[in-house]
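Report on one structure; see the data block that follows.
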Amino acid sequence: MSQQQTETAAPAIDEVSRRNGRLAAYTERFGSPFNITTFGKTHEASVVKAKYEALAPGEKTTDHISVAGRVMAIRNNGMFIVILDDSDRLQIFHDLKTLSPEHAEKLDLIDLGDIIGVTGIVRRTPRGEITVDAVELSLLSKALEPPPEKFHGLKDVDFRFRHREQDLVASQRTRDTLRARFKMITLIRQFLNDKGFLEVETPMLHVLAGGATAKPFTTHHNALDMPLYMRVATELHLKRLVIGGISEKVYEIGRCFRNEGTSPRHNPEFTSIELYQAFVDFREMIAITEAIVHHVVLSLHGTSKIKFAEHEIDFTPPWPRRGMVDLIKEHTGLDLYAIPDAAAARAAALKIGVQTESGVSWGQVVEAAFGDKVEHNLVQPTHVIDLPKEISPLAKAWPDRPHVAQRFETYVNGWEIANAFSELNDPREQRARFEEQAEQKRGPDDPPHPIDEDFLKAMAFGMPPMGGMGMGIDRLAMLMTDSQTIREVIAFPTMRPVD
RNA sequence: GACCUCGUAGCUCAGCCGGUAGAGCAUCUGACUUUUAAUCAGGGGGUCGCGGGUUCAAAUCCCGCCGAGGUCACCA
């Protein structure tokens, strides 16, 4: 073999093949990392850093500890390795001059992204970094794919959502955001459990998708040869559980599915919490809504005020209660209470730039005007009360104000985050409302609303007066994490497949 | 569903008044060795989203498709 041939550059090899080669070499020499089932980890990275916080630069201990995590950086030919576990980063040191040949061989086969376990001695380097001087090194799992770029991380939004595991490894922000979202759900559970609520489960597969006016996903049960719908809300079954007396206070945190457009605030599947409490009305729901949200804000941020985009939002209860029609008047000058006729109200709304379909009810005009002219202004937490009965088919109306429902919607940052009412419990009235709703078609291609006879039969069995509230967990998570899109707070948002 | 914008190396990006593709990180080789996005020298790596058109020549211009982001519509 000539001198020139030995100096020829290494043949081109792709990253995966190269890593497979190193895996084979490691396996040959030390056994397959994939045969390893356990590692006796004694410390989390953050615990190591906290425990040895008092060490002075250059100070060494004699404490042996074992840590494990993903290799995030390799500097100085492996002299310094930075690993990341679920708590923090931690630096590992190898003195290359005194390393045993076997240990050096192992070290040489470690790549960025590998999962390693290290046993060693804690010290603080002269430059100030808490470090583990490695005595033993084990490859616990091989990364055959390389990690994202170490400084810029993953920027491609599409790729980040399709491969959240890589996004999580690369981005502290993503870890913080998703952890906050999941912790928030636990906080709400604990809060309600402490208040005596029973967490329940209701079906996701519905024969009729009721409880909200939304387009459902359809599916099919083969053995029963029948169509089924993914639930759009948990409302009707939760009420049936309270009717049966399983508990006077129930809640469900769960996924709902709506076959509608996506947007920065809409994902086809989203998580709602709905809760129902017997013998109280919407006013108690206002109190519990404020209490839940304030508890979450305080627990996650340690303060009642949070930053969202350019706003500071103050969640200190109580939050203002404002009439929907009053707010429209305040923002546009139009007093829809003075125009009770639907057609006249529609014409008046048109003059202020609010367009509605012909034949809509007075309540739908109010809803449209509110949505166009008021909603986006409600940045600080606000309960919008006195919603029209016509757009509240499951809510009680006021006996002395028959066109106004005992209902509120809570708005923050211009978004509806909660919706609650004194639940209608008169089965005759409920049937009439459903029938009225069934006659209204949502759009030219939409089927009419089906009437849920099972629910009506349940209500006829005797439903206690109760308050109910529903809240969008995803939007609350967006607020808590200063996330501008719902996809940031959903671990795996719905995506079209790439080819 | 409509409109606007984007899609270049594994990752982050430049090139886009048409002339045949570049940088940093990663990777490989070598040097150095208490680093902190380590450093220095050199090498390899690209169907420029896919398909078609215009042209002597297309990453670049035009059309269609796919995917994404934004705005709107629907909605929570």
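The values are calculated or read from the model by the stated rules, or taken from the named source; none is laboratory data. Quick caveat: nothing in here was measured; it's all calculated off a predicted structure. Neighbour counts are summed over all protein chains in view; Cβ atoms, including those assigned to glycine, are modelled from backbone coordinates with ideal geometry.
Inspect all residues belonging to the stretch A:338-345 and state whether any of them is crowded, with 19+ Cβ neighbours inside 10 Å and under 35 Å from the mean Cα position of the chain (by Cα).
no
Before we move on, is A:GLU357 assigned by TED's automatic domain parsing to the domain that holds A:TYR411 and without any contact (Cβ under 8 Å) to a residue 24 or more places away in the chain?
For A:GLU357, the condition - assigned by TED's automatic domain parsing to the domain that holds A:TYR411 and without any contact (Cβ under 8 Å) to a residue 24 or more places away in the chain - is not met.
Looking at this structure, is A:GLU439 at pLDDT below 95, under 20 Å from A:GLU284 (Cα atoms) and surrounded by fewer than 19 Cβ atoms within 10 Å (Cβ to Cβ)?
no
Evaluate the following for A:PHE93: is it modelled with pLDDT of 95 or more, over 21 Å from A:GLU165 (Cβ atoms) and not β-branched (Val, Ile, Thr)? Write out each step before concluding.
Details: modelled with pLDDT of 95 or more: yes; over 21 Å from A:GLU165 (Cβ atoms): yes; not β-branched (Val, Ile, Thr): yes.
Yes; evaluated as a whole, the condition is true for this residue.
Among (1) within 14 Å of RNA strand B (Cβ to nearest atom); (2) within 34 Å of the chain's Cα centre (by Cα), where does A:LEU55 come up short?
(2)
Scan the strands (runs of 3 or more DSSP E) fully inside the stretch A:156-267 and keep the ones with 3 or more residues being under 29 Å from A:ARG496 (Cα atoms) and within 13 Å of RNA strand B (Cβ to nearest atom).
In the stretch A:156-267, the matching strands (runs of 3 or more DSSP E) lie at A:249-257.
A:PRO148 - would you say it is over 19 Å from A:PHE34 (Cα atoms), surrounded by 14 or more Cβ atoms within 10 Å (Cβ to Cβ) and within 6 Å of RNA strand B (Cβ to nearest atom)? Even if it seems obvious, please write down each step before you answer.
Working: over 19 Å from A:PHE34 (Cα atoms): yes; surrounded by 14 or more Cβ atoms within 10 Å (Cβ to Cβ): yes; within 6 Å of RNA strand B (Cβ to nearest atom): yes.
Considered against the rule, which asks whether it is over 19 Å from A:PHE34 (Cα atoms), surrounded by 14 or more Cβ atoms within 10 Å (Cβ to Cβ) and within 6 Å of RNA strand B (Cβ to nearest atom), A:PRO148 comes out as yes.
Do we find that A:VAL82 is part of a strand (DSSP E or B), modelled with pLDDT of 95 or more, under 32 Å from the mean Cα position of the chain (by Cα) and of a type in the set (A, V, I, L, M, F, W, C) in this structure? Give the steps one after another, and end with the answer.
On the way: part of a strand (DSSP E or B): yes; modelled with pLDDT of 95 or more: yes; under 32 Å from the mean Cα position of the chain (by Cα): yes; of a type in the set (A, V, I, L, M, F, W, C): yes.
Considered against the rule, which asks whether it is part of a strand (DSSP E or B), modelled with pLDDT of 95 or more, under 32 Å from the mean Cα position of the chain (by Cα) and of a type in the set (A, V, I, L, M, F, W, C), A:VAL82 comes out as yes.
Could you count how many residues in the stretch A:334-380 are charged (D, E, K, R), assigned to a loop (DSSP other than H, G, I, E, B) and at pLDDT 90 or above?
Selection size over the stretch A:334-380: 2.
Would you be able to tell me the number of residues in the stretch A:446-499 that are charged (D, E, K, R) and under 29 Å from the mean Cα position of the chain (by Cα)? Even if it seems obvious, please write down each step before you answer.
Residues of the stretch A:446-499 that are charged (D, E, K, R), as a first pass: A:446, A:452-454, A:457, A:474-475, A:482, A:487-488, A:496, A:499.
Add one more test, that the residue is under 29 Å from the mean Cα position of the chain (by Cα), and what stays is A:474-475, A:482, A:487-488, A:496, A:499.
So the answer is 7.
Which residue is modelled with the lowest pLDDT, if the candidates are limited to the stretch A:205-233 and must be more than 22 Å from A:ILE391 (Cβ to Cβ) and either surrounded by 15 or more Cβ atoms within 10 Å (Cβ to Cβ) or charged (D, E, K, R) (or both)?
Here the residue is A:PHE217.
Cβ contacts < 8 Å: first residue not assigned by TED's automatic domain parsing to the domain that holds A:VAL293, restricted to the stretch A:183-199; second residue in a helix (DSSP H, G or I), any location; separation 6+ or different chain. Result?
Listed pairs, sorted by first residue: none to list.
Mind listing whichever residues of the stretch A:69-79 are of a type in the set (Gly, Ala, Ser) and part of a helix (DSSP H, G or I)?
A:GLY78
Got a sec? Which of A:LEU137, A:LEU144 is assigned to a strand (DSSP E or B) and either within 27 Å of A:THR27 (Cα to Cα) or assigned by TED's automatic domain parsing to the domain that holds A:PRO57 (or both)?
Details: A:LEU144 fails: assigned to a strand (DSSP E or B).
It is A:LEU137.
Which of (1) in a helix (DSSP H, G or I); (2) in contact with a Phe, Trp or Tyr (Cβ under 6 Å, 6 or more places away or on another chain) is the odd one out, the single condition A:GLY117 does not satisfy?
(1)
Can you confirm whether A:PRO381 is of a type outside the set (A, V, I, L, M, F, W, C), more than 30 Å from A:GLN484 (Cβ to Cβ) and either in the same structural domain as A:LEU476 (by TED's automatic domain parsing) or crowded, with 17+ Cβ neighbours inside 10 Å (or both)? Even if it seems obvious, please write down each step before you answer.
Values: of a type outside the set (A, V, I, L, M, F, W, C): yes; more than 30 Å from A:GLN484 (Cβ to Cβ): no; either in the same structural domain as A:LEU476 (by TED's automatic domain parsing) or crowded, with 17+ Cβ neighbours inside 10 Å (or both): yes.
For A:PRO381, the condition - of a type outside the set (A, V, I, L, M, F, W, C), more than 30 Å from A:GLN484 (Cβ to Cβ) and either in the same structural domain as A:LEU476 (by TED's automatic domain parsing) or crowded, with 17+ Cβ neighbours inside 10 Å (or both) - is not met.
Yes/no matrix, rows are residues, columns are (1) assigned to a strand (DSSP E or B); (2) within 10 Å of RNA strand B (Cβ to nearest atom); (3) of a type outside the set (A, V, I, L, M, F, W, C); (4) in the same structural domain as A:GLU284 (by TED's automatic domain parsing):
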site	(1), (2), (3), (4)
A:HIS403	yes, no, yes, yes
A:ALA418	yes, yes, no, yes
A:GLU436	no, no, yes, yes
A:ILE451	no, no, no, yes
A:ASP454	no, no, yes, yes
A:GLY467	yes, no, yes, yes
A:ARG475	no, yes, yes, yes
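Return the total of residues in the stretch A:164-174 being over 22 Å from A:PRO33 (Cβ atoms) and either in contact with a Ser or Thr (Cβ under 6 Å, 6 or more places away or on another chain) or at pLDDT below 90 (or both).
1
List pairs: first residue in the stretch A:249-269 and closer than 25 Å to A:ASP482 by Cβ, second residue within 6 Å of RNA strand B (Cβ to nearest atom) and among the aromatic types (Phe, Trp, Tyr) anywhere in the structure, Cβ distance under 7 angstrom, at least six positions apart or on different chains.
From residues that are closer than 25 Å to A:ASP482 by Cβ, the pairs are A:CYS256/A:PHE270.
Within the stretch A:397-415, can you find the residues that are more than 17 Å from A:VAL325 (Cβ to Cβ) and either without any contact (Cβ under 8 Å) to a residue 60 or more places away in the chain or of a type in the set (Gly, Ala, Ser) (or both)?
Step one: filter the stretch A:397-415 for residues more than 17 Å from A:VAL325 (Cβ to Cβ), giving A:399, A:410, A:412-415.
Result: A:PRO399, A:GLY414.
For the stretch A:113-132, give me each residue that is surrounded by fewer than 17 Cβ atoms within 10 Å (Cβ to Cβ), touching a residue at least 40 places away in the same chain (Cβ under 8 Å) and touching a strand residue (DSSP E or B) at 6+ places or on another chain (Cβ under 8 Å).
Selection gives A:ILE121 alone.
What pairs can you find where one residue is in the stretch A:294-323 and in a helix (DSSP H, G or I), the other is among the β-branched types (Val, Ile, Thr), and their Cβ atoms are less than 7 Å apart, with a gap of 6+ or different chains?
Filtered contacts from the stretch A:294-323: A:VAL296/A:ILE188; A:VAL297/A:ILE306.
If you go through the stretch A:94-121 one residue at a time, how many are within 13 Å of RNA strand B (Cβ to nearest atom) and within 38 Å of the chain's Cα centre (by Cα)?
Looking only at that region, the number is 5.
Of the numbered conditions (1) within 31 Å of the chain's Cα centre (by Cα); (2) closer than 28 Å to A:GLY244 by Cβ; (3) at pLDDT below 95; (4) crowded, with 19+ Cβ neighbours inside 10 Å, A:PHE434 fails exactly one; give the number of that condition.
Tallying (1) within 31 Å of the chain's Cα centre (by Cα); (2) closer than 28 Å to A:GLY244 by Cβ; (3) at pLDDT below 95; (4) crowded, with 19+ Cβ neighbours inside 10 Å, A:PHE434 fails exactly one: (1).
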